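The values are calculated or read from the model by the stated rules, or taken from the named source; none is laboratory data. Values in this document were obtained by computation on a predicted structure and should not be read as measured data. Cβ coordinates were reconstructed from backbone atoms using ideal geometry, including for glycine residues, and neighbour counts include every protein chain displayed.
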Amino acid sequence: MKKLFVLAVALVGFTITSNAQQISDNAIGLRLGDSDGFGAEISYQRALGDNNRLELDLGLRSGNGYDGFKLAGLYQWVWLLDGNFNWYAGVGGGLGSYSFDRPFPSGDDSETFIFAAGDIGIEYNFDIPLQLAIDARPEFGFGDYRDDLDFDIALSIRYRF
């Protein structure tokens, strides 16, 4: 009976270990989306445990008559789908700022805003240190001009290390 119990525990342990996903300790790359006018973002991911991580995204924008930045931070949970496919969901927030060269009629020519965000996506980790992902990120803005719901869909490519 004791041998059967030890064998059962070993089988369960082997099954759990063989199905555990491996998320990278670090990944850096680009997140290419509309990001409500910010376009491409520099993206960094840092593993915080076996199935969760922190993602930081920085978008910089300079156009005809304005400059801006947006920094987002997200805490994500990662689950194995199949093989090298994972799906993830997360929550977070961030801040940003716009500066306009020409003042508006009201006289206000800049804005700093904060936002709350959610995130859901799917990723594929190649056998080489490359990761491709697509995600959707709704953002709830709190500012004078960004005081609504923005929906951002993006494709990410990252180097894993």
Cβ-Cβ below 8 Å, separation at least six or inter-chain, first residue in the range 42-56 and free of Cβ contacts under 8 Å to residues at least 60 places away in the same chain and within 19 Å of LEU71 (Cα to Cα), second in a strand (DSSP E or B) and β-branched (Val, Ile, Thr): which pairs?
ILE42/ILE28; TYR44/ILE28; ARG53/VAL78
When GLY83 is evaluated against the numbered criteria (1) within 21 Å of ALA40 (Cα to Cα); (2) over 20 Å from the mean Cα position of the chain (by Cα), which criterion, by number, is the only one it fails?
(1)
Which number in (1) free of Cβ contacts under 8 Å to residues at least 24 places away in the same chain; (2) surrounded by 13 or more Cβ atoms within 10 Å (Cβ to Cβ); (3) not in a strand (DSSP E or B) marks the one condition that ALA136 misses?
(3)
Subset of the range 122-161 that is among the basic types (Lys, Arg) and within 18 Å of TYR88 (Cβ to Cβ) - its residue that is modelled with the lowest pLDDT:
ARG137
Answer residue from the range 139-152, given it is surrounded by 14 or more Cβ atoms within 10 Å (Cβ to Cβ) and under 15 Å from the mean Cα position of the chain (by Cα) and is nearest to ALA72 (Cα to Cα) among those:
GLU139
